[in-house]
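Taking it in order: structure first as structure tokens, then the write-up.
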Amino acid sequence: MVAPGFIVGLVLPLILPADTSAGWTLSHNRGEPEDGICVLTQNVRFRFASYINNYMVLQKEPAGAVIWGYGIFGATVTVTLCQDKETIMEKVTSVKAHSNSWMVVLDPTKPGGPYEVMAQQTFGRTNFTLRVHDVLFGDVWLCSGQSNMQMTVSQIFNATRELSNTAAYQSVRIFSVSLTEAEQELEDLAKVDLQWSKPTSENLGHGVFKYMSAVCWLFGRNLYDTLHYPIGLISSSWGGTPIEAWSSGRSLKTCGVPTRGFAQSDSVTGPSKNSVLWNAMIHPLHNMTLKGMIWYQGESNINVNRDLYNCTFPALIEDWRQAFHRGSQGQTERFFPFGFVQLSSYLSATSDDKFPQIRWHQTADFGYVPNVRMPNTFMAVAMDLCDRTSPYGSIHPRDKQTVAYRLHLGARAVAYGEKLIFQGPLPEKMELLADRGLLNLTYSQQIQVKKQDKIFEISCCSDRQCKWLPAPMGTFSAQTLALNVSSCHGTPAAVRYAWTTWPCEYKRCPLYHPSSTLPAPPFIAFMTDQIPGDLSKLAK
């Protein structure tokens, strides 16, 4: 006899890898061993969450990895972690009402593997078993943003060599979310482009802007070279999208972003409606235990709520941190590390300062991170990585290796506590010597002046009008630089550095740190207070 509702005649193995398709699963009678007969059922939905699959990486100690899925309300679910057929741990839970979901938190586990994760649902006299294999424990990083994060390895410099460089990185596993949007927050992913996989030339270079993210992959590869344990990388990006689409309604409300849609801009080619990508491509991951995130976005906001970006970006970080901390039952750190790429350069037909404004707003108007509004964050400056001849347009520079290298330096410092320099030099004091026509800048780090340039500007005010004038670089020492401001015949009101869309040629900005090859970030500082102090006191 076969219970009503079952489809008869399909013989399958007792335990199969987890399937992301809701609505179909496997059943067998209690007590039948691994050679039992299973049949498909349409009315039982026992499955893992969409991103729990073979080859995945789970977050290592000191956090506990979250395993969850769906089942029959009232059923008991037993999750077992095994290695070499030995049970390492076992967790038991039940399926909750309304959501029909179940969840367990594994004990903190050391990095390594491979392991097998098995979940068994018991309901009455029937049980169902799912299994995923070749599971590793390590650090899991989520990568998100727009097209510069979405670019694949096949689109970057030295693509052929990079695509062939995978053999030593089989413990760096990759996963890519499909491009989907939703009006309401989804609990699980509607679709996956690339299930958890070992890296190959095919899945790293699948196509133009079609998974897997080059920045994400190269960042993880750099981390693996440093940490020597598994790294899990999740790519969830969509080109041409503003930050509002990636933000929850809660975070947008805190910044006063209108709930109604905004006018389409040339810089917006993807979904632009508030929260639709947060709902579909980020919120479904919020139960996952993560180590941290990296972000590359901002180009689409040059004409969309640009003046609010100094609020919307810190608010997004804060909101995502809260959501992932709560969703993972407190396992993802409340202030987990969050890295981002400051915008690179762009050949624009206009000479406006929209790009510099976004770069500045990306730091919450401090010029550096971490800061009081953006704790536990790190930044990769990219304004010197311009690419005039990029076949994807100058807004898509192909040197993603340097971007990823600079990001990984920030991660090593902020996420892993290494004592190293991860951001280029910024001035911490300035002194106006008006009688000599000089403005002296004292930097917090050593500086290397690669060339003299008119990249500095002074705001000169007279008759209640101000204009920006070049402030040529003059004498310098290990940590000081003098600017010639004698062209200002009024009152110097502010100074700024690299405040253009295209500040310098490829790796040829005037100022770097001498040993780390990190460029000095752009900044603007106001001289309303002549007492020397850091930029947080001087900048608006």
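The values are calculated or read from the model by the stated rules, or taken from the named source; none is laboratory data. As the structure is a computational prediction, the values presented were derived from the model and not from experiment. Here Cβ is always computed from backbone atoms with ideal geometry, including for glycine, and neighbour counts include all displayed protein chains. Please note that ligands, DNA and RNA were not included when accessible areas were found on the heavy atoms of the full protein model with its side chains. Shrake-Rupley method; radii C 1.70, N 1.55, O 1.52, S 1.80 Å.
Points worth noting:
- Computed from Cα positions, the angle between helix 309-327 and the longest principal axis of the chain comes to roughly 20 degrees.
- Its alpha carbons considered, segment 427-526 gives a radius of gyration followed by a Dmax of 13.3, 45 Å.
- Between the alpha-carbon centres of segment 216-235 and segment 334-392 there is a gap of 22 Å.
- Shown for segment 82-205 is the translational diffusion coefficient from the Stokes-Einstein equation, using the Kirkwood radius over Cα pairs, a temperature of 20 °C and a viscosity of 1.002 mPa s: 119 µm²/s.
- Cα-Cα pairs of the chain separated by more than 37 Å (percent): 36
- Segment 302-328 and segment 122-174 have their alpha-carbon centroids 25 Å apart.
- Contact order relative to length of segment 427-526, as percent, for alpha carbon pairs under 8 angstrom and 6 or more apart: 28
- Dividing the helix sum by the residues of the chain, where each DSSP H run of 4 or more adds -39500 (n - 2.57), gives a mean residue ellipticity at 222 nm of -4500 deg cm²/dmol.
- Beta bridges from DSSP with both residues in segment 157-274: antiparallel share about 40 percent, rounded to the nearest 5.
- In the calculated pair-distance distribution of segment 202-332, the portion above 24 angstrom amounts to 35 percent of the Cα-Cα pairs.
- This model, with +1 at the C-beta of Lys and Arg and -1 at the C-beta of Asp and Glu, gives segment 394-458 a dipole about its Cα centre of some 340 debye.
- Taking every alpha-carbon pair under 8 Å whose residues sit at least 6 apart, segment 93-195 reaches a relative contact order of 15 percent.
- Backbone phi angles across segment 387-395, fed through the Karplus curve with coefficients 6.51, -1.76 and 1.60 (θ = phi - 60°), yield HN-Hα couplings of 8, 4, 10, 4, x, 9, x, 5, 6 Hz in residue order; Gly and Pro are listed as x.
- For C504, net neighbour charge (Lys/Arg +1, Asp/Glu -1) across residues whose Cβ lies under 12 Å away: +2
- Filter on K191/K400; K85/K291; K419/K450; K210/K354; K60/K85 - keep pairs with C-alpha separation over 24 Å: K191/K400; K85/K291; K419/K450; K210/K354
- Note on the chain: antiparallel DSSP beta bridges, both residues inside, total approximately 70 percent of the bridges counted.
- Over segment 47-135, Cα pairs under 8 Å with separation of 6+ residues give a relative contact order of 34 percent.
- When V268, V414 are compared by accessible area of protein heavy atoms, the largest-first order is V414, V268, using a 1.4 Å probe.
- The accessible-area ordering, largest first, of the residues T501, T528 stands as T528, T501, per a 1.4 angstrom probe.
- Proximal aspartates and glutamates to K96, defined as alpha-carbon separation beneath 18 angstrom and excluding residues fewer than eight positions away on the same chain: E187, D188
- Value of Rg/Rh across segment 47-135 [Cα atoms, Kirkwood radius]: 0.96
- q = 0.14, 0.17, 0.26 Å⁻¹: log10 I(q)/I(0) that the Debye formula gives for segment 224-272, counting C-alpha atoms only: -0.53, -0.64, -1.02
- The chain: angle of helix 214-227 to the longest principal axis, Cα-based, in degrees nearest 10: 80
- List T517, T78, ordered by accessible area with a 1.4 Å probe, largest first: T517, T78
- In whole angstrom, segment 106-175 maps to an equivalent ellipsoid with semi-axes of 35, 16, 13, each derived as √(5λ) from the alpha carbon gyration tensor and ordered largest first.
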